[in-house]
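Asker: Quick one: this structure, given as structure tokens, is what I'll be asking you about.
The values are calculated or read from the model by the stated rules, or taken from the named source; none is laboratory data. Every value quoted in this text rests on a predicted model; they were computed, and no experiment measured them. Neighbour counts run over all protein chains shown; Cβ positions are idealised from the backbone, glycine included.
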Amino acid sequence: MARSAHSDVLEQIGRRIADGNLAPGTVMTLAELETDYQASRTVIREAVRVLESIGMVASKRRVGITVRPMSNWDSFDGHLIRWNLTGPRRQSQLDTIMELRAAVEPMAARLAATRASHADGDELVRLAVEMKTLGQQARGASERYLADDVAFHSLILAASGNAMFGTLTRPICETLRGRVEAGLMPETPVEGSLEGHVNTALAIQSRDQDGAGRHMGELIDAIQQEITNG
């Protein structure tokens, strides 16, 4: 019960800050938040602690809890990504993550083509083929498709062998999940998306470095088209 209450309060305050309803510089007190959200001091403190870890607020004795400027926020945090995808900053969030993916994932695919194990290559092909089947069945917004999509991109980032690329798994996968939760994922993905996953997987499996990078770039372009048309 306490965990649920903490989660609810965190969601409410976090969304208000992310949406701009609580502007930078706004000062709140624990007592005010207890009254506003009808929650215990412990629950409020836990929510504030998470918001502090994201950089959205700063808490100081005898001053209160101050909303910080966006420049201080952890743009990779999963909570913030979800809040942005369901708020007025949705398009900015999508643009930001797609720019990141366009810069990183083609290179990750190229590296995976030389560093991935044979088992990883086989698994990528399995995931891509299953995604194509699900997409052709108009199940592109299903939990099964999402699970495969998350596993596919996570595996490529991990198989790249670049530890820094690996840290990008969470924001990319949170965006994939967020698109589904926000109703932004089409039931039938654009054809280039389905083919792009398969072609990228086959290139990695066959150790075709140039092909892997090229097909991943085409896949990112198809996803961008999907988002734009959506």
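Asker: Within the range 69-84, restricting attention to residues that are touching an Asp or Glu at 6+ places or on another chain (Cβ under 9 Å) and of a type in the set (D, E, K, R), which residue is surrounded by the fewest Cβ atoms within 10 Å (Cβ to Cβ)?
Answerer: Among those residues, the one meeting the criterion is Asp77.
Asker: Name, by its number, the condition in (1) at pLDDT below 95; (2) buried (at least 16 other Cβ atoms within 10 Å of the Cβ); (3) in a helix (DSSP H, G or I) that does not hold for Gln225.
Answerer: Status for Gln225: all satisfied but (2).
Asker: Output the number of residues of the range 23-55 satisfying the condition of being basic (Lys, Arg) and touching a residue at least 12 places away in the same chain (Cβ under 8 Å).
Answerer: Here the count works out to 1.
Asker: Only residues that are surrounded by fewer than 18 Cβ atoms within 10 Å (Cβ to Cβ) and either outside the structural domain of Pro186 (by TED's automatic domain parsing) or part of a helix (DSSP H, G or I) (or both): list them for the range 103-119, please.
Answerer: Ala103, Met107, Thr114, Arg115, His118, Ala119
Asker: Among the numbered criteria (1) of a type outside the set (Gly, Ala, Ser); (2) within 18 Å of Ile223 (Cβ to Cβ); (3) in contact with a helix residue (DSSP H, G or I) (Cβ under 7 Å, 6 or more places away or on another chain), which one does Asp120 miss?
Answerer: Unmet condition: (2).
Asker: Still on this structure, I have one more. When you look at Leu127, is it in a helix (DSSP H, G or I), buried (at least 19 other Cβ atoms within 10 Å of the Cβ) and outside the structural domain of Glu191 (by TED's automatic domain parsing), yes or no? Can you show your working first?
Answerer: On the way: in a helix (DSSP H, G or I): yes; buried (at least 19 other Cβ atoms within 10 Å of the Cβ): yes; outside the structural domain of Glu191 (by TED's automatic domain parsing): no.
No, not satisfied.
Asker: Now, a different point. Is it true that some residue in the range 155-173 is in contact (Cβ under 8 Å) with a residue 24 or more places away in the chain and closer than 21 Å to Gln136 by Cβ?
Answerer: no
Asker: Tell me the residue from Leu146, Leu184, Leu157, Leu176 that is in the same structural domain as Val104 (by TED's automatic domain parsing), within 28 Å of Leu85 (Cα to Cα), within 18 Å of the chain's Cα centre (by Cα) and outside any helix (DSSP H, G or I), please.
Answerer: Testing whether each residue is in the same structural domain as Val104 (by TED's automatic domain parsing), within 28 Å of Leu85 (Cα to Cα), within 18 Å of the chain's Cα centre (by Cα) and outside any helix (DSSP H, G or I) leaves just Leu184.
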